[in-house]
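Novice: Structure below; questions to follow.
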Amino acid sequence: NAGVTQTPKFQVLKTGQSMTLQCAQDMNHNSMYWYRQDPGMGLRLIYYSASEGTTDKGEVPNGYNVSRLNKREFSLRLESAAPSQTSVYFCASGTGVGTEAFFGQGTRLTVV
Amino acid sequence: AQSVSQHNHHVILSEAASLELGCNYSYGGTVNLFWYVQYPGQHLQLLLKYFSGDPLVKGIKGFEAEFIKSKFSFNLRKPSVQWSDTAEYFCAALPRGSSNTGKLIFGQGTTLQVKP
């Protein structure tokens with residue numbers, strides 16, 4: 001059972017470079033989420049998609065864009081990476097009706 | 001604003017000691033509550049959840065949590081910790097309502113270190 005799959009697992013970027021984090025889930029979930037995890041701050045929601053074709057901003061959306069390509073895939077794009085975006089990024093999915101979210105393995109991103 | 005607070009940021013225990021991690025949420029309505037665990041280098045895994053009914057819920061690996069509505073709390077407990085419980089623990093809340101989209105609100109996390 002794959003669950004939620006994220007790629008890549010590690011990435012180092014130079015300031016100003018762009019990249020896309022990929023996420024796919026095979027649980028037929030309607031909702032998908034992107035969080036970032038920083039020490040002492042828990043997980044903060046960047047963007048979410050309640051259903052295919054819709055996306056909305058979370059708590060910390062600045063500097064990011066997302067695409068809900070289809071029901072399975074939800075990508076996160078950094079157009080011009082900044083050192084403040086150094087973090088661990090988690091993709092998650094859920095039914096969106098009050099149940100738990102399922103998380104991917106995470107992407108550790110370093111911006112130098 | 002809705003928020004979740006975890007009182008302890010770093011806890012160090014010896015094996016066999018009892019554990020209690022505090023969690024409080026701020027939301028006036030009904031919430032679903034969760035505890036997740038993140039072992040070193042791994043993704044978040046669900047430990048237990050509370051939606052309704054018996055306020056004492058049991059999860060995996062001997063963990064349990066008690067929902068106390070009057071205190072807006074959902075503390076995590078384990079009678080006897082093991083070295084393998086070393087991990088980061090996150091409390092999360094999911095307010096219910098018409099605008100519910102499944103967005104979890106996480107606490108800051110508590111790092112538990114269990115010494116053998």
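None of the figures in this text is laboratory data; all of them are computed from the coordinates on show. Nothing here was measured: the structure is a model prediction, and the numbers come from that model. Please note: Cβ atoms are built from the backbone with ideal geometry, for glycine as well, and neighbour counts cover all protein chains shown.
This table checks each residue for (1) of a type in the set (D, E, K, R); (2) in contact with a strand residue (DSSP E or B) (Cβ under 9 Å, 6 or more places away or on another chain).
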| residue | (1), (2) |
| --- | --- |
| B:49 | yes, yes |
| B:53 | no, no |
| B:65 | no, yes |
| B:71 | yes, yes |
| B:78 | yes, yes |
| B:91 | no, yes |
| B:96 | yes, yes |
| B:107 | no, yes |
| B:115 | yes, yes |
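Novice: Which ones in region A:1-31 are in contact with a Gly (Cβ under 8 Å, 6 or more places away or on another chain) and either surrounded by 13 or more Cβ atoms within 10 Å (Cβ to Cβ) or in a strand (DSSP E or B) (or both)?
Specialist: Answer for region A:1-31, where residues must be in contact with a Gly (Cβ under 8 Å, 6 or more places away or on another chain) and either surrounded by 13 or more Cβ atoms within 10 Å (Cβ to Cβ) or in a strand (DSSP E or B) (or both): A:3, A:4, A:5, A:6, A:23, A:25, A:27, A:29, A:30, A:31.
Novice: Quick check on region A:52-64: of everything there that is in contact (Cβ under 8 Å) with a residue 24 or more places away in the chain and away from chain B (no Cβ under 11 Å), which residue is farthest from residue A:101 (Cα to Cα)?
Specialist: In this case the residue turns out to be A:64.
Novice: Related question: Considering only residues of region B:11-38 that are among the β-branched types (Val, Ile, Thr) and under 19 Å from residue B:87 (Cβ atoms), which is farthest from the chain's Cα centre (by Cα)?
Specialist: B:12
Novice: Filtering region A:37-46 down to residues that are part of a strand (DSSP E or B) and over 15 Å from residue A:75 (Cβ atoms), which residue is farthest from the other protein chains (Cβ to nearest Cβ)?
Specialist: Restricting to residues being part of a strand (DSSP E or B) and over 15 Å from residue A:75 (Cβ atoms), the top hit is A:38.
Novice: What residue, among those in region B:8-22 that are in a loop (DSSP other than H, G, I, E, B) and under 12 Å from residue B:89 (Cβ atoms), is nearest to the other protein chains (Cβ to nearest Cβ)?
Specialist: The residue in question is B:9.
Novice: Okay, next question. Need the failing condition index for residue A:72 against (1) within 14 Å of chain B (Cβ to nearest Cβ); (2) surrounded by fewer than 22 Cβ atoms within 10 Å (Cβ to Cβ), just the number.
Specialist: So the condition that residue A:72 fails would be (1).
Novice: Now a separate question. Suppose we filter A:67, A:87, A:31, A:49 for residues that are away from chain B (no Cβ under 11 Å), within 26 Å of residue B:2 (Cβ to Cβ), in contact (Cβ under 8 Å) with a residue 12 or more places away in the chain and small (Gly, Ala, Ser); which single one remains?
Specialist: Of the residues listed, the single one that is away from chain B (no Cβ under 11 Å), within 26 Å of residue B:2 (Cβ to Cβ), in contact (Cβ under 8 Å) with a residue 12 or more places away in the chain and small (Gly, Ala, Ser) is A:87.
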